[in-house]
């Protein structure tokens, strides 16, 4: 089974988007139309944080402040094992360009499960709702 490491951003909304998280819909591949937290695969010799910053710029032209590692989740798909590093982030600049995703939206914590998420992200969403809805 192939092993893949991925860094992903939990981009918390600020200002008019306070109380929401940025969610992106895949526009390609095996899981086209599924929702995900933006990010991507680590390259050889790259830290998860470096990969996160590179991928967000490549996919969204976004620059972020990575506030810290929120969780690490491992998940087995039929043909690969994925280790995901999820970082809580805020945007340095409010501009986001969808370069690889077909759709995106700011979603309230309570409404996250209304989207069709990638299987590997589901347990993270449950944790986010538990941690942030109770505050």
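The table below gives the values:
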{"item": "Failed criterion for residue 120 (all others in (1) at pLDDT 95 or above; (2) within 15 Å of residue 6 (Cα to Cα) hold)", "result": "(1)"}
{"item": "Restricting the stretch 13-29 to residues that are under 14 Å from residue 95 (Cα atoms) and either at pLDDT 95 or above or surrounded by 12 or more Cβ atoms within 10 Å (Cβ to Cβ) (or both), the residue that is nearest to the chain's Cα centre (by Cα)", "result": "22"}
{"item": "Within the stretch 1-31, considering residues that are part of a loop (DSSP other than H, G, I, E, B) and touching a residue at least 60 places away in the same chain (Cβ under 8 Å), the one nearest to residue 86 (Cα to Cα)", "result": "13"}
{"item": "Single unsatisfied condition, residue 125 versus (1) under 22 Å from residue 2 (Cβ atoms); (2) not in a strand (DSSP E or B)", "result": "(1)"}
{"item": "Enumeration of residues in the stretch 59-91 that are closer than 12 Å to residue 120 by Cβ, in contact (Cβ under 8 Å) with a residue 60 or more places away in the chain and surrounded by fewer than 18 Cβ atoms within 10 Å (Cβ to Cβ)", "result": "76, 80, 81, 83"}
{"item": "Residues satisfying the stated conditions in the stretch 32-53, i.e. assigned to a loop (DSSP other than H, G, I, E, B) and either in contact with a strand residue (DSSP E or B) (Cβ under 8 Å, 6 or more places away or on another chain) or at negative phi (or both)", "result": "32, 33, 34, 37, 38, 42, 43, 44, 46, 47"}
{"item": "Residue pairs meeting the criteria (Cβ under 6 Å; at least 6 apart or on separate chains; first without any contact (Cβ under 8 Å) to a residue 24 or more places away in the chain, in the stretch 107-132; second surrounded by 12 or more Cβ atoms within 10 Å (Cβ to Cβ))", "result": "125/112; 129/109; 132/109"}
{"item": "Residue that is surrounded by the fewest Cβ atoms within 10 Å (Cβ to Cβ), among those in the stretch 99-118 that are over 16 Å from residue 38 (Cα atoms) and touching a helix residue (DSSP H, G or I) at 6+ places or on another chain (Cβ under 8 Å)", "result": "110"}
{"item": "Failed criterion for residue 56 (all others in (1) part of a loop (DSSP other than H, G, I, E, B); (2) surrounded by 14 or more Cβ atoms within 10 Å (Cβ to Cβ); (3) out of contact with any helix residue (DSSP H, G or I) (no Cβ under 9 Å at 6 or more places or on another chain) hold)", "result": "(1)"}
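For (1) modelled with pLDDT of 90 or more; (2) over 21 Å from residue 25 (Cβ atoms), each residue gets a yes or a no:
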site	(1), (2)
50	yes, yes
55	yes, no
58	yes, no
68	yes, yes
73	yes, no
84	yes, no
96	no, no
99	no, no
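The values are calculated or read from the model by the stated rules, or taken from the named source; none is laboratory data. Please read these numbers as outputs of a predicted model, since none were measured by experiment. Cβ atoms come from the backbone with ideal geometry, glycine included; neighbour counts cover every protein chain shown.
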